[in-house]
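One structure is given here, and the rest of the page talks about it.
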Amino acid sequence: MPMDEDQFKTPLFDAMVSLAEGRKVSFHTPGHKSGKGISTRFRKFVGPKIFSIDLTTLDEVDSLQKPKGVIKEAQELAAKAYGADRSFFLLNGTTGGNHAMILATCNPQDTVLVARNAHKSILAGLIFSGAQPIFYLPTVDDNLKMTLNVTYEATCAAIDANRQAKVLVLTSPNYYGICADLERIISYAHEKEMIVVVDEAHGPHLKFHPDLPISAMEAGADIAVQSTHKIIGGMTQASMLHAKSARVDMTTLATVLRFVQSTSPSYILMASLDLARMQMATEGRKLLDKAINLAEEARGKINRIPGLFCFDRQMVKNPFFAQMGDFDVTKLTINIRELGLSGYQAAQILNNQYHIQVEMADPFNVLVIVSIGDRRDDLNRLVDALREMSKEYHGKNSPAGTVIDVGLPTFAKEVRMTPREAFFANYQYIALDEACGAISSEIVTVYPPGIPLLVPGEIITKEVLDYIRTMDRLGATVDGLNASNSTVAVVKQ
Ligand SMILES: Cc1ncc(COP(=O)(O)O)c(C=O)c1O
């Protein structure tokens, strides 16, 4: 396809540079006045220039709340690059985008079908909106001890069993790069007149390389939210929301985004979105070629190290994976089980002994994200460290002895209230040991695998409590309990 020359443009960044270089006298926010008032230590470390583009809403650089100049132009270029009717810059990450996505499509009391591997921001969106979620489960691979994604068959069955549901909420890819079969799922849901919205936090790069899974917009989603900052050149917190107008009321969506976004958005973050889009649209293929090759090369080497296993695209052909859509090969999920270590222990060893920081760990794996910023040397360092760890641990510990077989959580199926009703009901903290049978008033998650263990309104079961305790003991981060993970918020009876 011929290059769209417009994609070389960076209207917002250009306007910011031109304003900064114009050196106008500023009697407006931010109070540091182009860095003149900033802490000396800060300026010394980062240099003076960055502060000259830490701007505020001004005619020259447009307004995110009511864009009609360079921000509008930058968002239109993003929409064109991603195949959306409209794109919106987000400054509170995909978290804020997910809130807006739910609020714009789900009215109070609407029934919403939600794939249970949803991030807590989707659940918070449901609390804000007052909608009634019906959850259905992703597939779990017992060999890998991993949650994959939802299948086409499970989604169709959930749609058929809940014909009153207005919106389908999916998360694809998941953290490990495993995608749902979006094209078939979206086509089925649209046939049944549902709106399909996708948390695509881990997929802002997919559109730009043919060897990566299809993106949500290309697969026909009505809304997709992407963490530009997680995978490509956006700065932390900078995300994008893309939407198609056939089933989404764009006026409502724009209004909701005005509500959830700051009235003082960071121009530095917005510029990073403008530039990240330009970079991907003009040289994404080449940059991603490199990232894909580096990841595949490292995967091959890791799979030759005794005791380690890093699944590849061939797995997509095995019976379990066959139900999934596809797999993003830039993710390296390194199964560490045979070394007799948990993923958490392996991540700590990599960090403390080898100064290598991975994206995350779960009981059995460490996850490495390979992106356009990685160099061959970085991956060689990882492979060398893994080789040394294999020499030290493989065959010395029994895998079963050190890695507790945690199984994977199902969730509390009995629902007594909507998430909103439960969240706003009177609550009390009670000891985990006494919580069986109570109604949760909090969102409790362990990320990964990212399946919410408790959603407000659900009855707390023994199975969930056992799982929380095990994950806590293993060193996972349990989110939504008190500081020492000993009490949980429940609806006061
Ligand atoms: C699937 C998913 N959705 C949403 C988010 C939130 O994204 P952000 O950190 O950009 O707010 C995350 C963060 O890890 C995520 O994994």
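The values are calculated or read from the model by the stated rules, or taken from the named source; none is laboratory data. Fair warning: this is a prediction, and the values are worked out from it, not measured in the lab. In this analysis, Cβ positions are derived from the backbone assuming ideal geometry, glycine residues included, and neighbour counts consider all displayed protein chains. Each accessible area value is taken on the protein alone, full model and side chains, heavy atoms only, with ligands, DNA and RNA left out. Shrake-Rupley method; radii C 1.70, N 1.55, O 1.52, S 1.80 Å.
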### Task
Skip the ligands, DNA and RNA, and give the accessible area per residue of the chain with a 1.4 Å probe, whole Å².
43
### Query
Taking the Cα atoms of segment 285-402, what is the range of coordinates along each of the three principal axes, in descending order and whole Å?
42, 35, 22
### Query
For segment 140-173 and segment 226-303, what is the separation of their Cα centres, given in Å?
25
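What ranking of ILE38, ILE302, ILE50 comes out by heavy-atom accessible area, probe 1.4 Å, highest first?
Working: ILE38 30, ILE302 0, ILE50 65 Å².
Accessible-area ranking of ILE38, ILE302, ILE50, largest first: ILE50, ILE38, ILE302.
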### Query
Using only helices, what value at 222 nm comes out for the chain when you add -39,500 (n - 2.57) per DSSP H run of length 4 or more and divide by the total residues, to the nearest 500 deg cm²/dmol?
-11500 deg cm²/dmol
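Find out how many positive minus negative residues lie around SER63, taking Lys and Arg as positive, Asp and Glu as negative, among other residues whose Cβ is under 14 Å from that of SER63.
Details: positive: LYS66, LYS68, LYS72, ARG258; negative: ASP59, GLU60, ASP62, GLU73.
Taking every Cβ under 14 Å from that of SER63, the sum is 0.
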### Summary
Computed from every Cα-Cα pair in segment 204-304, P(r) in 5 Å bins starting at 0 and rounded to whole percents is 2, 11, 16, 20, 19, 14, 8, 5, 3, 2, 0
### Query
Tell me, what ³J(HN,Hα) does each residue in segment 26-40 have, in order and in whole Hz, if you take phi through Karplus 6.51 cos²θ - 1.76 cosθ + 1.60 with θ = phi - 60° and put x for Gly and Pro?
10, 10, 10, 5, x, x, 6, 6, 6, x, 5, x, 7, 4, 4
### Task
Order these peptides, 245-254, 452-461, by their mean beta-carbon neighbour count within 10 angstrom, highest first.
452-461, 245-254
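How charged is the neighbourhood of HIS202? Take every other residue with its Cβ under 11 Å from the Cβ of HIS202, and add Lys/Arg as +1 and Asp/Glu as -1.
Numbers: positive: LYS230, LYS331; negative: ASP199, GLU200, ASP328, GLU359.
Residues close to HIS202 contribute a combined charge of -2.
How much net charge surrounds ALA425 when only other residues with a Cβ under 15 Å from its Cβ are counted (Lys, Arg +1; Asp, Glu -1)? Don't skip to the end; give the middle numbers.
On the way: positive: ARG416, ARG420, LYS492; negative: GLU421, GLU442, GLU458.
Here the charged neighbours net out to 0.
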### Message
Straight-line reach only, C-alpha to C-alpha below 29 angstrom: list the lysines that LYS244 could link to, leaving out same-chain residues fewer than 8 apart.
### Response
LYS9, LYS66, LYS68, LYS72, LYS80, LYS120, LYS166, LYS192, LYS207, LYS230, LYS286, LYS331
### Query
Which ³J(HN,Hα) values in Hz, rounded to whole numbers, follow from the phi angles of segment 256-269 under the Karplus curve 6.51 cos²θ - 1.76 cosθ + 1.60, where θ = phi - 60° and Gly and Pro get x?
4, 4, 5, 5, 8, 9, 5, 7, 10, x, 6, 5, 5, 5
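Using the crude model of +1 on Lys and Arg Cβ and -1 on Asp and Glu Cβ, and no other charge, please compute the dipole size for the chain relative to its Cα centre, in debye to 20.
1160
Which order do peptides 125-132, 285-292 fall in by mean Cβ count within 10 Å, highest first? Provide the component values of the computation, followed by the final result.
Working: 125-132: 24.1, 285-292: 17.0.
Going by the mean number of other Cβ atoms within 10 Å, highest first, we get 125-132, 285-292.
Please state, to two decimals, what the Cα-based radius of gyration of the chain comes to when divided by 2.2 N^0.38 Å (N = residues).
On the way: Rg = 23.3 Å, N = 493, 2.2 N^0.38 = 23.2 Å.
Rg over 2.2 N^0.38 Å, computed on Cα atoms: 1.00.
So what is the relative contact order of segment 138-276, in percent, for Cα pairs below 8 Å that sit 6 or more residues apart? If you can, show how the numbers build up before the last one.
Numbers: 211 pairs, mean separation 23.4, N = 139.
Computed value for segment 138-276: 17 percent relative contact order.
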### Query
Quick one: Debye curve from the C-alpha atoms of segment 419-491, no solvent, what's log10 I(q)/I(0) at q = 0.12, 0.23 Å⁻¹?
-0.26, -0.99
### Computed over segment 249-334, Cα set: Rg, Dmax in Å
19.8, 56
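Order 17-25, 201-209 from most to least packed using the mean count of other Cβ atoms within 10 Å.
Details: 17-25: 11.9, 201-209: 25.1.
Ranking, from highest mean packing down: 201-209, 17-25.
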#### Entry: Relative contact order of the chain, defined on C-alpha pairs under 8 angstrom at six or more residues apart (%)
14
